[in-house]
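Take this structure first; my questions come after.
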Amino acid sequence: MNAFLKKEWMEWNRTGRSWILMLVFVLFGIMNPALAKLTPWLMEALSDSLADTGLVTTAVQVDAMTSWAQFYKNIPIGLIIFILIVSGNFTAEYEKGTLIPVITKGLSRWSVLAAKAVFLYGSWTVLYAVCFGITYGYNAYFWDNGIAGNLFFAAAYTWVFGIWTVALLIFFSAVSKSSSQVLLGTGGAALGVYLLSVFPKLDAFLPARLLRGLDLLQRAKSPGDYHANIAAAGLMVLLCMVLSVGCFDRKQL
Amino acid sequence: MLIINHLTKHYKGSSKGISDLSLHVRPGDIYAFIGHNGAGKTTTLKCIAGIHDYETGEIRIGGRNLRENPLACKQVTAYIPDNPDLYEYLTGIQYLNFIADIFKVSAEGRKERIKKYGDEFEITASLGDLISSYSHGMKQKLAIISAMLHEPKLLILDEPFVGLDPKAAVVLKGMMRKLCDSGGAIFFSTHVLEVAEKLCNKVAMVKDGRLIASGSMEEVVEQGRTLESIFMEVVNDVGTD
């Protein structure tokens, strides 16, 4: 498995995927406080033209919460970009036939799947941590992060949502033949769960709620309110992995 | 070394596949597997390599059942597909080290074998280049070197001479003979019947997924005739039955 992980890392660097994703998440990390910081200046610059239309602007107060609100708006976009870029991680190997020499050389299919899963979960974790860390650092420098309640719980829950999405991607990669099928499956399942969460009774158990970290920061919810969502996401991740192993084992390469 | 008993494999939604195929490749054998396009050669080789599952029958490698001990079987086997699909974004040496890592080949062992086979195929100087810059023949050479890194006892080759330059083909034939002289065995498919006749001590012919002739080259090819004429005759005879 270590050999395959090393191969994945070398391939990611050579294809530039690691650098593109790192750049995106670093940019999002900087953009969150930057947008908050620039908001008063933007409002002031636009005040004259807004006044012409009858809108009166008052002094805008920004703090760490403004930046965190931006973080929770941007991170789903970051996750979508991550999924788009890694969607061909398995299927490109099926299409090119590159897994055949590896599978026939004594590396079990389970090891290949495990290595790819570890790599994808690890990449999401590192990229998410980088984005969170940058925003946290700037917020601490410009304002005070103490204003946000349950900061680390909110961050961890959003990370779990990302892990759940990556698990879906791995499952659809194990059953699909092309990256478009993977994207359709992962996107469709995530959208389906998001739409179902419109119903409050279902929302209490669906992973979609984990994305609403702002409720925790504003202390409108407590970390305990998300236990059912965490448990559901954990079970779905486990189920996706078990099904992926079974399907990947039977997959005709 | 390799025993195939009543192997049957068919693809879903297709009549193609193999039916009730039985063969025995003994240590020291260079066994040619010949047949027309779509006869079932690659399917058979892929079943032996563990890429395809099969419906019925049994494959034993080195006395072990492939279904029950797939990893142990693969540890003594090397399979080279007809199309060398390698990781284009790795360099030649990175790919060889990756394969050596999978087989847990020692640092000394891999260094020695990469040097030896790299020099024989005259590819050592290009091992630092990206595989994406390699020609088909160079990729084939790299695939052969990667297959030899763990010193396999059984070589399964699908059209191994396609894309190789004449010198590399001679080197490969030499390597095949050396492996068999040291107690290994080779089972390979080919359309080049002259090569099969000169190189192999055994031959099997397959048509529409069924074995139509097999045995030692002397048994199959009668005196004064060629493998090509026998092949054409046997294939046409079976076709008109």
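The values are calculated or read from the model by the stated rules, or taken from the named source; none is laboratory data. Predicted model only: the values in this text are computed from it and were never measured. Positions of Cβ are backbone-derived with ideal geometry, glycine not excepted, and every protein chain shown enters the neighbour counts.
Of the residues that sit in the range A:178-225 and are basic (K, R) and assigned to a loop (DSSP other than H, G, I, E, B), which one is nearest to A:F82 (Cα to Cα)? First the steps, then the outcome.
From the range A:178-225, those basic (K, R) are A:201, A:209, A:212, A:219, A:221; that's our starting set.
Adding the requirement that they be assigned to a loop (DSSP other than H, G, I, E, B) leaves A:212, A:219, A:221.
Working: A:R212: 19, A:R219: 29, A:K221: 28 Å.
The selected residue is A:R212.
While we're looking at this one, here's another question. Right, B:G183: modelled with pLDDT of 90 or more and within 21 Å of B:V76 (Cβ to Cβ) or not? Lay out the reasoning, then the answer.
Values: modelled with pLDDT of 90 or more: yes; within 21 Å of B:V76 (Cβ to Cβ): yes.
The answer is yes for B:G183.
Next question, about the same structure. What tally of residues in the range A:79-123 results from selecting those that are in a helix (DSSP H, G or I), among the basic types (K, R) and facing chain B (nearest Cβ under 7 Å)? Explain how you work it out, then say what you get.
First pass over the range A:79-123, keeping only residues in a helix (DSSP H, G or I): A:79-86, A:91-96, A:99-103, A:109-123.
Right, trim to among the basic types (K, R) and you get A:96, A:109, A:116.
Adding the requirement that they be facing chain B (nearest Cβ under 7 Å) leaves A:96.
So the answer is 1.
Return the pairs, sorted by first residue and then second, in which the second residue is in a loop (DSSP other than H, G, I, E, B), the first residue lies in the range A:84-96 and is closer than 11 Å to A:S176 by Cβ, the beta carbons are less than 7 Å apart, and the residues are 6+ apart or on different chains.
A:T91/A:S176; A:T91/A:K177; A:T91/A:S178; A:Y94/A:K177; A:Y94/A:L253
Within the range B:115-130, is there a residue that is within 12 Å of chain A (Cβ to nearest Cβ) and in contact with a Leu (Cβ under 9 Å, 6 or more places away or on another chain)?
Within the range B:115-130, the subset within 12 Å of chain A (Cβ to nearest Cβ) is B:130.
Applying the additional criterion that residues be in contact with a Leu (Cβ under 9 Å, 6 or more places away or on another chain) yields B:130.
Looking for residues that are within 12 Å of chain A (Cβ to nearest Cβ) and in contact with a Leu (Cβ under 9 Å, 6 or more places away or on another chain), one finds at least one in the range B:115-130, hence yes.
From the list A:A36, A:A45, A:A3, which residue is under 30 Å from A:V118 (Cβ atoms), more than 20 Å from the chain's Cα centre (by Cα) and not basic (K, R)?
Details: A:A36 fails: under 30 Å from A:V118 (Cβ atoms); A:A45 fails: under 30 Å from A:V118 (Cβ atoms).
Exactly one of A:A36, A:A45, A:A3 is under 30 Å from A:V118 (Cβ atoms), more than 20 Å from the chain's Cα centre (by Cα) and not basic (K, R), namely A:A3.
Return the residue satisfying two criteria in turn: it lies in the range A:210-253 and is within 14 Å of chain B (Cβ to nearest Cβ) and not hydrophobic (A, V, I, L, M, F, W, C), and of such residues it is farthest from B:Y11 (Cα to Cα).
Taking the range A:210-253 and keeping what is within 14 Å of chain B (Cβ to nearest Cβ), we get A:246-253.
Checking which are not hydrophobic (A, V, I, L, M, F, W, C) leaves us with A:246, A:249-252.
Values: A:G246: 20, A:D249: 17, A:R250: 14, A:K251: 13, A:Q252: 10 Å.
Only one residue fits best here, namely A:G246.
Under 9 Å between Cβ atoms, which residue pairs at least 6 apart in sequence (or on different chains) link something in the range A:183-198 that is under 17 Å from A:F90 (Cα atoms) with a partner that is among the aromatic types (F, W, Y)?
Pairs found: A:L183/A:F172; A:L184/A:F172; A:G185/A:F171; A:G185/A:F172; A:T186/A:F171; A:T186/A:F172.
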